[in-house]
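Trainee: I have a structure here, written as structure tokens, and I will follow up with some questions on it.
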Amino acid sequence: MGAWIISITGVICLGILLDIVLPDGKTTKYIRGAFSLIVILVIVSPLPSLLKKEWNFSFDDSAFSSSESDDEIEVSDLFAYNVEKCEEELKRQGITASVEIEYSSAVVRAVAVYVDDVSVSGEKVVSIVSESLGIAAYKIKVLYGQN
């Protein structure tokens, strides 16, 4: 951030020097136009790095916060809650199963559902898990008798 402020200050000083040195004429407006583009580029130069960061709303704070190592704990707590919710929904449907979620950066990669009863339809399990977790059915694998 400090380097960005120094570069803006340097460009402003260079612009003042350029304005003093430039003679009045037709090429002056083209040089000022080109220099204006350089000033804009220097001012917006930190935007790409800011846009690449993951920004999260924190309901405890009123400001934005960049993702930190504490976010991983919050994500794992969220997935643990969703696993419990999904297992409860399966129990309500009469299916004894355990659910494991594989995720990376808060994105579900795969869900493994370990079902004890082999007579339960895999399609039924997939539809229940897909609906309760709100994810696509192709990410869910049903495994029988491995609980």
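The values are calculated or read from the model by the stated rules, or taken from the named source; none is laboratory data. Computed from a predicted model, the values in this text were never measured in an experiment. Cβ atoms come from the backbone with ideal geometry, glycine included; neighbour counts cover every protein chain shown. Side chains are part of the model used for accessible areas, which takes the heavy atoms of the whole protein and leaves out ligands, DNA and RNA. Shrake-Rupley method; radii C 1.70, N 1.55, O 1.52, S 1.80 Å.
Trainee: What single numbered condition from (1) in a loop (DSSP other than H, G, I, E, B); (2) modelled with pLDDT of 75 or more; (3) not β-branched (Val, Ile, Thr) fails to hold for Glu102?
Mentor: For Glu102, the failing item is (1).
Trainee: Scan the stretch 110-147 residue by residue and report those that are polar (S, T, N, Q), without any contact (Cβ under 8 Å) to a residue 24 or more places away in the chain and either open to solvent by less than 80 Å² (accessible area, probe 1.4 Å) or more than 19 Å from Arg92 (Cα to Cα) (or both). Let's see the steps before the verdict.
Mentor: From the stretch 110-147, those polar (S, T, N, Q) are 119, 121, 127, 130, 132, 146-147; that's our starting set.
Now restrict to residues that are without any contact (Cβ under 8 Å) to a residue 24 or more places away in the chain: 119, 121, 127, 130.
If the condition is that a residue be polar (S, T, N, Q), without any contact (Cβ under 8 Å) to a residue 24 or more places away in the chain and either open to solvent by less than 80 Å² (accessible area, probe 1.4 Å) or more than 19 Å from Arg92 (Cα to Cα) (or both), then Ser121, Ser127, Ser130 are the ones that fit.
Trainee: How many of the residues making up the stretch 102-131 are small (Gly, Ala, Ser), out of contact with any strand residue (DSSP E or B) (no Cβ under 8 Å at 6 or more places or on another chain) and closer than 13 Å to Phe79 by Cβ? Spell out the reasoning first.
Mentor: Initial filter on the stretch 102-131 (small (Gly, Ala, Ser)): 104-106, 110, 112, 119, 121-122, 127, 130.
Going one step further and asking which of them are out of contact with any strand residue (DSSP E or B) (no Cβ under 8 Å at 6 or more places or on another chain), we end up with 104-106, 119, 121, 127.
Right, trim to closer than 13 Å to Phe79 by Cβ and you get 104-106.
Of the residues in that region, 3 qualify.
Trainee: Hey, among Lys141, Lys91, which residue is modelled with pLDDT of 85 or more, part of a strand (DSSP E or B) and charged (D, E, K, R)?
Mentor: Among Lys141, Lys91, only Lys141 is modelled with pLDDT of 85 or more, part of a strand (DSSP E or B) and charged (D, E, K, R).
Trainee: Looking only at the stretch 9-25, which residues are open to solvent by 90 Å² or more (accessible area, probe 1.4 Å) and either in a helix (DSSP H, G or I) or closer than 15 Å to Ser36 by Cα (or both)?
Mentor: Here is the first cut: in the stretch 9-25, the ones open to solvent by 90 Å² or more (accessible area, probe 1.4 Å) are 12, 14, 16-17, 20-21, 24.
Within the stretch 9-25, Ile12, Leu14, Ile16, Leu17, Ile20, Val21 qualify.
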